[in-house]
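Novice: Handing you this structure, nothing more for now.
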Amino acid sequence: MGLDTTIVNVGLPAIGRGLGAGTRDLEWTVDAYTLVLASLLISSGALADRFGRRRVFQCGLAVFGTASLLCALAPSVGALIAARAVQGIGASMLSPVALAIVVNAMPDPRERAQAIGVWASVFGLSMAAGPVTGGALIAGFGWRSVFWVNAPVIVAALVLSALFVPESRGQRARRLDIPGQTLLTVVIGVLVGVLIEGPRIGWTSPAALAAYAVTGMAAAGFVKAECRRSEPLMDPRLFRRPVFSSAVLGAVAVFVALNVTLLLNTLYFQQTRGWTPLAAGVATLPMAVGATVCAPLSGRLVGRSGPRLPLVLAGGFITAGGLCLVGLDQGTNVLLLLLAYLLIGIGFGFANAPITNTAVSGLPQARAGVAGAITSTARQVGSALGIAIAGGLVAGTSPAGLATRPVRDGSWWPPADSSCSSWSTHRGRGHPRRRLDEPPDQTDHESRRPAQRPSRAGHRHRRT
């Protein structure tokens, strides 16, 4: 599931060319998955506690695998977006349930913290390795292969879960919170939707203002409804605990950072520097290495001394990596880029375990599925927001020209991570825009034309 969250990013330019998709279509291709996933995670955790965690996990695998095949066969961008939403339904039954199975098998707090560290390592590795895997698949087999590859993985997971995963349930079954589920879906969906569509419809247009109002009213209704229920979908009283609320906000921030960084740097490598998808994916390999090595270490630190030290280390490394990306341009040394990704990966690895452990420790063990789902929801909300924010920063540009999006001073500065990082393209540089169906060699020919010097009023690039 973590792999699928990021593997599609590196293939967005190829998907756009293959299906004739625009920028907003590609944003929805990613966020249709993350929105549905984020909306249903908590209910899926409750279902697992009620009906059996292994059963729900296997059902999720089947739905996810079927939807992956539909994505691979999608004839249009609309069909792809719909199939991605179905993928999100299946994925919502995987992450929190897998975490609940780990927690159920490790009742000792110290062992549980270390086990969560291993789980976080696998999850972090799968997310950070997504661009590498996606780049290799696209280079060899085309963009549809990033969905075909899920089939053998799903089959193997179904067999292994049937053989080795014991069935477990919560000690007390909870009823589903349908009103809370509906309101949560409205809040997340409308919020991310207006971020994606805002540049097109206008941030102060009647439609946007109505979306703000709907989001606010749904959020207020959600809090009010949840406070009145004896078994709420998400108990707002949990967020009165500073440690718990900080961990959830940290999860959102870290995954906003990760997804903004991966998406915009994928576009930077492929469009500004002209790298292949495989080369762009390999460039992020240090991030995967850092996340994989440091996540188990973070779990041991949490078990020994609590979450504070790993979280401080996470913030420090992510900040350092982001600062390395400030002022990025076409001539930036590749070694500096690799160092930046290594630092961000280390920070990402240190962040996952303490965030997850804090959420799990904040609820009784019988509600481990819901505890894991709250953290996973925060992660996916951050992922959806990151994609929407990245798209908003480069709105109005074709997917092929995203890396050279001009603004008033001739450069653009999207945030690269949650701790004050940003990067910009070099003023006045970059390839001119082109349509998705325009041949690459034509673009290369156009890019060799003498660039028009930007005027003082606006520093606008000449359109070709």
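The values are calculated or read from the model by the stated rules, or taken from the named source; none is laboratory data. Since we're looking at a predicted model, the values are computed, not measured. For neighbour counting, all protein chains shown are included, and Cβ atoms are generated from backbone atoms with ideal geometry for every residue, glycine included. SASA here: full protein model, heavy atoms, side chains in, ligands and nucleic acids out. Shrake-Rupley method; radii C 1.70, N 1.55, O 1.52, S 1.80 Å.
Novice: May I ask you to give the percent of accessible area on segment 1-94 that is carbon plus sulfur, with a probe radius of 1.4 Å? Please list the in-between numbers first.
Specialist: Numbers: 1720 of 2540 Å².
In segment 1-94, the share of accessible area belonging to carbon and sulfur is 68 percent.
Novice: Ok, one more. Quick one: P(r) of segment 175-232 from all Cα-Cα pairs, 5 Å bins, percents rounded to integers, in order of increasing distance.
Specialist: 4, 21, 25, 18, 13, 9, 6, 3, 1
Novice: What list of ³J(HN,Hα) values in whole Hz, one per residue of segment 28-45 in order, does the Karplus curve 6.51 cos²θ - 1.76 cosθ + 1.60 (θ = phi - 60°) give from phi, with Gly and Pro shown as x?
Specialist: For segment 28-45, the Karplus-derived couplings read 5, 4, 7, 7, 4, 5, 6, 5, 5, 4, 5, 5, 9, 4, 5, 5, 5, x Hz, x marking Gly and Pro.
Novice: Given the Cα atoms of segment 210-357, and with Rh set as the inverse mean 1/r over their pairs in the Kirkwood sense, what is Rg to Rh to two decimals?
Specialist: 1.09
Novice: Report Rg (one decimal) and Dmax (nearest whole number) for segment 18-99, counting Cα atoms only, units Å.
Specialist: Rg then Dmax for segment 18-99, in Å: 13.6, 44.
Novice: Still on this model: About the Cα centre, and with charges only on the beta carbon of Lys, Arg (+1) and Asp, Glu (-1), how big is the dipole of segment 130-259? Nearest 20 debye, please.
Specialist: Dipole of segment 130-259, to the nearest 20 debye: 380 debye.
Novice: With all protein chains present, how much of the accessible area of segment 206-338 (probe radius 1.4 Å) comes from carbon and sulfur, to the nearest whole percent?
Specialist: On segment 206-338, the fraction of accessible area on carbon and sulfur atoms equals 71 percent.
Novice: Right, another one. Using only the heavy atoms of the protein chains and a 1.4 Å probe, how would Trp143, Trp203, Trp28 rank by accessible area, largest first?
Specialist: Putting Trp143, Trp203, Trp28 in descending order of accessible area: Trp203, Trp28, Trp143.
Novice: Ok, one more. Only residues of segment 245-289 count here: report those whose backbone N is under 12 Å from the spot 7 Å along Cα→Cβ of Gln330, or say none.
Specialist: Label zone hits: 271-274.
Novice: May I pose another question? Ordering Phe222, Phe239 by how much accessible area each has at a 1.4 Å probe, largest first, what is the list? Working shown, then result.
Specialist: Details: Phe222 20, Phe239 70 Å².
Descending accessible area places them as Phe239, Phe222.
Novice: Leu339 to Ser230: extension gain in nm, 0.36 nm per residue of separation minus the Cα-Cα distance?
Specialist: So the chain would gain 34.3 nm between Leu339 and Ser230.
Novice: In nanometres, what is the gap between the two model label sites at Thr66 and Thr276, each 7 Å from Cα along Cα-to-Cβ?
Specialist: Output for this residue pair reads 3.7 nm.
Novice: Still on this structure, please answer the following. Give me the extension gain from Val122 to Ser205: residue separation times 0.36 nm, minus the current Cα-Cα distance, reported in nm with one decimal.
Specialist: 25.5 nm
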